[in-house]
Amino acid sequence: MRNRFIQLLCNRAREDETIYLLTADLGFSVLEPFAQEFPKRFINVGIAEQNMIGIAAGLSLMGKTVFVYSIVNFGTIRCLEQIRNDVCYHNANVIVTIVGAGLAYGLNGYTHLGVEDLAVMLPLPKMKVLSPADNYELEACMGYLKKNSGPSYLRLAKGGEPSIHSDSFDIEDSFKSDVASDINIICHGTVLFEAMKTKQLLKENYNLIVGVFSIPLLKPFPTCNCLNLLRHSKYIFLIEEHMKYGGMSSLVTSIATSLGPDCPHIYTYALDEKIVHLVGDQTYLRSSFGLNAEHLLESILSDLSITAKLEV
Amino acid sequence: MSELIQRSKAIRKNILDMIYTTRASHIGSCFSVVDILNILYAKILDVDPKFPEKFDRDFLIMSKGHAAAALYSALAHYNFIPFHELADYCKNGGRLAGHITANVPGIELSTGALGHGLSVGCGIALATKKKVYIILSDGECDEGSIWEAALFAPHHHLNNLTVVIDYNKIQSFGLINEVLNLEPLAKKWRSFNWEVLEVDGHNYNDLYTAFTYQTNLPKVIIAHTIKGKGISFMENNLAWHYRSPDEIQYDQALKELSK
């Protein structure tokens, strides 16, 4: 996903001379194609994220469109006030691009987990938030960012993720990307891989048909389309590699309350607010936190049967 | 320069009125920076109040956003905003917020959280051949982000960048050298590869010489100033970081500024 990002950015930079790329000394063996082709528009500012965001805002005030690149927490929480004041307050064309979303960098320990970032980025005024699941969604995100200027947050995983979709993805119509059932999954980011596997297991082993909706555009959130899906669902399962609070799950549940008695049963599978002391790769951590297909299957079956019993 | 001195008294009078009327804070921080702002607008900055957003202009970022009244007052004196608007300072529904807000003609950056202006100034300086001026407070130099930017500017040869430090020696909780000593301040900036000039921040000849000094390095002017400059009972007095004058103090201050 990282490499596809830099290819797409190079394509855009060839057409648009205002495109800059800044990094806080990260992206070795990823960013070089841009650095080599556009040396005057590439700046490694050193390990100084606050300064990087301020510089990006200054360049943007001069008419540039600036992508900044870092690992999730360093590019967001470390320099949050610069993002809030210098970028959002001034409606600057700065696209905060991070890698290591969710549990992608799990072997590197808790400092490198991106599981609170959405809670700080989603409430920022003017900030657009994009969380692609694969390269098709990434392409759709880059297309969206080209059409829509202003402060943006692009949340990438790392490299080597499988492609889930087989065709181009309509980011502004993501709630139509699957056929809705009574039971529907809503997710974002690369955990879509597990959701699709869960869907397959439910069908093959239990003859249960579920819809899976991957929503890369978290802000502006497609609220109407989401409400429409909720209204026609009996069960909604929200899955994300993020803390339960402050991410997509909070967003969807807060929207759902407006449905009153039409609100479906909603279950959230995400991380509890605990420091993650476990060391492990993404597959290991997903399994440990119930976010791999096998555990998701169990949880969904169990929650469905509990709810069904309660309703009898 | 005598014109400038008369003007500085008038700017201070407007600040006094604004802060007295709204009972706002930071009068001491405003008075220490007045002469720096005054000479910048009078003699140094290439800006046009008729076209405040023309692309080919010099840029001034007032990173010490708490001295907002001083900047608003200077902007009125140099025709960017009407004088009558100063009466709206810190008032409900007005646009002159207690910390600097950029929806006012002539203001490049909203500030108020310290340590932001220099980084943004570096970004602007990268993208223009014109001059970029950043005014920092001394206490602001406690912020780590200042030193991130201080490393960056010389590395990238931003010789169109000038920093002015309003070194009035007093920060929010006490004397600078009691709270967190900055000394040797000139040596620090010099060791970061900046051209460093130290001047009396209330002496217009000194300030002019420093601003027009030619160098191939980014420049920092350490302006030794007096907190509350111009009003005898406010000078060098921590209390006037926060306090606003009562009626008797207002009358006395006005009298001193009218001399």
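What fraction of the DSSP beta bridges in the protein assembly as shown is antiparallel, stated in percent and rounded to the nearest 5? Show your work: numbers first, answer last.
Values: 5 of 65 bridges.
If we restrict to bridges inside the protein assembly as shown, about 10 percent are antiparallel.
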- line: Stokes-Einstein D for the protein assembly as shown (20 °C, 1.002 mPa s, Kirkwood Rh from Cα pairs), in µm²/s, comes to 82 µm²/s
query: Karplus couplings for the range A:60-77 from phi (6.51 cos²θ - 1.76 cosθ + 1.60, θ = phi - 60°), rounded to Hz, Gly and Pro as x?
result: 5, 4, 9, x, 8, 10, 10, 8, 10, 10, 7, 8, 2, 6, 5, x, 10, 5
message: Please state the shape class of the range B:1-112: rounded when a/c is under 1.5, otherwise prolate if a/b exceeds b/c and oblate if not, all from the C-alpha gyration tensor.
response: oblate
- line: The farthest towards the positive end of the charge dipole of the protein assembly as shown, of the residues A:Leu218, A:Met196, B:Thr21, given +1 on Cβ of Lys and Arg and -1 on Cβ of Asp and Glu, is B:Thr21
- prompt: So what's the angle, to the nearest 10 degrees on a 0 to 90 scale, between helix B:27-39 and the longest Cα principal axis of chain B?
  reply: 60 degrees
- prompt: Hey, what number do you get for chain B at 222 nm if only DSSP H runs of n ≥ 4 count, each worth -39500 (n - 2.57), divided across all residues, to the nearest 500?
  reply: -11500 deg cm²/dmol
task: Would you mind checking which residues have amide H under 5 Å from A:Tyr20's amide H? H placed 1.01 Å from N; only 5 or more apart, or other chain.
output: A:Thr65, A:Val66, A:Phe67
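Which of rounded, prolate or oblate describes the range B:77-129 when judged by the alpha-carbon gyration tensor and an a/c cut-off of 1.5?
Numbers: a/c = 3.58, a/b = 1.74, b/c = 2.06.
It comes out oblate by the Cα gyration axes.
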statement: To the nearest 10 degrees, the tilt of helix B:247-258 (Cα long axis) against the first principal axis of the alpha carbons of chain B is 60 degrees
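Please order A:Arg84, A:Arg12 by the number of other Cβ within 10 Å, starting at the fewest.
Numbers: A:Arg84 19, A:Arg12 16.
Ranked by crowding around the Cβ, least crowded first: A:Arg12, A:Arg84.
Using the alpha carbon gyration tensor of the range A:1-93, what are the three equivalent-ellipsoid semi-axes (square root of 5 times each eigenvalue), largest first, in whole Å?
Details: eigenvalues 83, 50, 22 Å².
Value: 20, 16, 11 Å, ordered largest first.
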DSSP beta bridges in the range A:2-155 [antiparallel fraction, %, rounded to 5]: 5 percent
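Enumerate by residue number the trypsin sites (Lys or Arg not before Pro) in the range B:11-59 meeting two conditions: DSSP loop (anything except H, G, I, E, B), and at most 14 other Cβ atoms within 10 Å of the site's Cβ. Don't skip to the end; give the middle numbers.
Details: sites: B:Arg12, B:Lys13, B:Arg23, B:Lys43, B:Lys50, B:Lys54, B:Arg57; in loops: B:Arg23, B:Lys50, B:Lys54, B:Arg57.
The qualifying sites are B:Arg23, B:Lys50, B:Lys54.
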- prompt: Normalised by the residues of chain B, what does the relative contact order come to in percent, with Cα pairs under 8 Å and at least six apart?
  reply: 24 percent
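Work out the FRET efficiency for B:Thr215 and B:Asp56 from their Cβ-Cβ distance, taking R0 = 30 Å, and round it to the nearest 0.05. Intermediate results must be reported in sequence, preceding the final value.
Numbers: r = 22 Å, r/R0 = 0.74.
So, using R0 = 30 Å, E works out to roughly 0.85.
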- prompt: When the Cα centres of the range A:1-70 and the range A:79-123 are compared, how far apart do they sit, in Å?
  reply: 16 Å
- request: Filter the chymotrypsin sites (Phe, Trp or Tyr not before Pro) in the range A:11-46 down to the DSSP loop ones having no more than 11 other Cβ atoms within 10 Å, then list what survives.
  value: A:Phe28
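List the GluC sites (Glu not before Pro) in the range A:218-312 that DSSP assigns to loop (not H, G, I, E or B) and whose Cβ has at most 15 other Cβ atoms within 10 Å. Which are they? All intermediate terms of the calculation are to be shown ahead of the outcome.
Details: sites: A:Glu240, A:Glu241, A:Glu273, A:Glu294, A:Glu298, A:Glu311; in loops: A:Glu273.
Here the sparse-neighbourhood loop sites are A:Glu273.
Can you tell me, using C-alpha contacts under 8 Å and at least 6 residues apart, the relative contact order of the range A:2-155 as a whole percent? If you can, show how the numbers build up before the last one.
On the way: 259 pairs, mean separation 32.4, N = 154.
In percent, rounded to a whole number, it is 21.
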field: Formal net charge of residues neighbouring A:Gly189 (Cβ-Cβ distance under 13 Å; K, R +1; D, E -1)
entry: -4
task: Please give the length that would be gained between A:Tyr284 and A:Thr257 if that part of the chain were fully extended, namely 0.36 nm times their separation in residues minus their C-alpha to C-alpha distance (nm, one decimal).
output: 6.3 nm
For the range A:171-311, the Rg and Dmax computed from alpha carbons only, in angstrom: 14.5, 43
task: Could you tally the net charge around B:Lys129, taking each other residue with its Cβ under 13 Å from the Cβ of B:Lys129, Lys/Arg +1 and Asp/Glu -1?
output: 0
- request: Count the net charge of all other residues whose Cβ sits under 15 Å from the Cβ of B:Val47, scoring Lys and Arg as +1 and Asp and Glu as -1.
  value: 0
- request: Choose one of B:Asn168, B:Gln252, B:Gly93: the residue whose Cα lies farthest towards the positive end of the charge dipole of chain B (beta-carbon charges +1 Lys, Arg; -1 Asp, Glu; about the Cα centre).
  value: B:Gly93
task: Determine the gain in length on full extension of the stretch A:Asp182-A:Ser166; use 0.36 nm per residue of separation and subtract their C-alpha separation, reporting nm with one decimal.
output: 3.3 nm
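To the nearest 20 debye, what is the magnitude of the charge dipole of the range A:2-155 about its Cα centre, counting +1 on the Cβ of each Lys and Arg and -1 on the Cβ of each Asp and Glu?
On the way: 14 positive and 14 negative charges, 57 e Å.
Value, rounded to 20: 280 debye.
Report, in debye and to the nearest 20, how large the dipole of chain B comes out about its Cα centre when Lys and Arg carry +1 and Asp and Glu carry -1 on their Cβ.
Values: 25 positive and 28 negative charges, 67 e Å.
That gives chain B a dipole magnitude of about 320 debye.
Using only the Cα atoms of the range A:2-155, construct the convex hull and provide its projected area averaged over every direction, in square nanometres to one decimal.
Working: hull surface 32.0 nm².
So the Cα hull casts an average projection of 8.0 nm².
When the chain is fully extended, how far beyond the present Cα-Cα distance does B:Leu238 get from B:Asn92, taking 0.36 nm per residue of separation? It would help to have the intermediate numbers written out before the result.
Numbers: separation 146, 0.36 × 146 = 52.56 nm, distance 2.83 nm.
Gain on extension, B:Leu238 to B:Asn92, equals 49.7 nm.
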Cβ-derived FRET efficiency at R0 45 Å, A:Cys224 paired with A:Lys309, nearest 0.05: 0.85
- request: Round to a whole angstrom and tell me the spacing of the C-alpha centers of the range A:234-312 and the range B:98-126.
  value: 43 Å
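Take every DSSP beta bridge whose two residues both sit in the range B:2-258, then give the antiparallel share in percent to the nearest 5. Present the calculation step by step, with values, prior to reporting the outcome.
Numbers: 2 of 24 bridges.
That works out to approximately 10 percent antiparallel.
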- prompt: Using θ = phi - 60° and the Karplus form 6.51 cos²θ - 1.76 cosθ + 1.60, what ³J(HN,Hα) does each residue of the range B:139-155 get, whole Hz, x for Gly and Pro?
  reply: x, 4, 5, 5, 5, x, 4, 4, 7, 4, 6, 5, 6, 5, 4, x, 4
- prompt: Per 5 Å bin, what is the whole-percent P(r) computed from every C-alpha pair distance within chain B?
  reply: 1, 6, 14, 19, 21, 18, 12, 6, 2, 0, 0
task: Report ³J(HN,Hα) in whole Hz for each residue of the range A:150-160, in order, from the Karplus equation J = 6.51 cos²θ - 1.76 cosθ + 1.60 where θ = phi - 60°; Gly and Pro get x.
output: x, x, 9, 10, 10, 9, 9, 8, 9, x, x
query: Which residue fluctuates the most in chain B, going by a Gaussian network model with Cα springs under 10 Å, if the choices are B:Pro184, B:Pro105, B:Pro154?
result: B:Pro184
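Mind checking the dipole of the protein assembly as shown: about its Cα centre, +1 per Lys or Arg Cβ, -1 per Asp or Glu Cβ, Debye to the nearest 20? Mind showing how you got there, number by number?
Numbers: 51 positive and 61 negative charges, 213 e Å.
Dipole magnitude for the protein assembly as shown comes out near 1020 debye.
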- request: Can you tell me the 0 to 90 degree angle between the C-alpha axis of helix A:135-147 and the longest principal axis of chain A, rounded to 10?
  value: 60 degrees
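Every number here is computed from the coordinates shown, using simple stated rules; none is lab data. Here the structure is a predicted model, which means the values were calculated and not measured. Note that we place each Cβ from the backbone using ideal geometry, even for glycine, and neighbour counts take in every protein chain shown.
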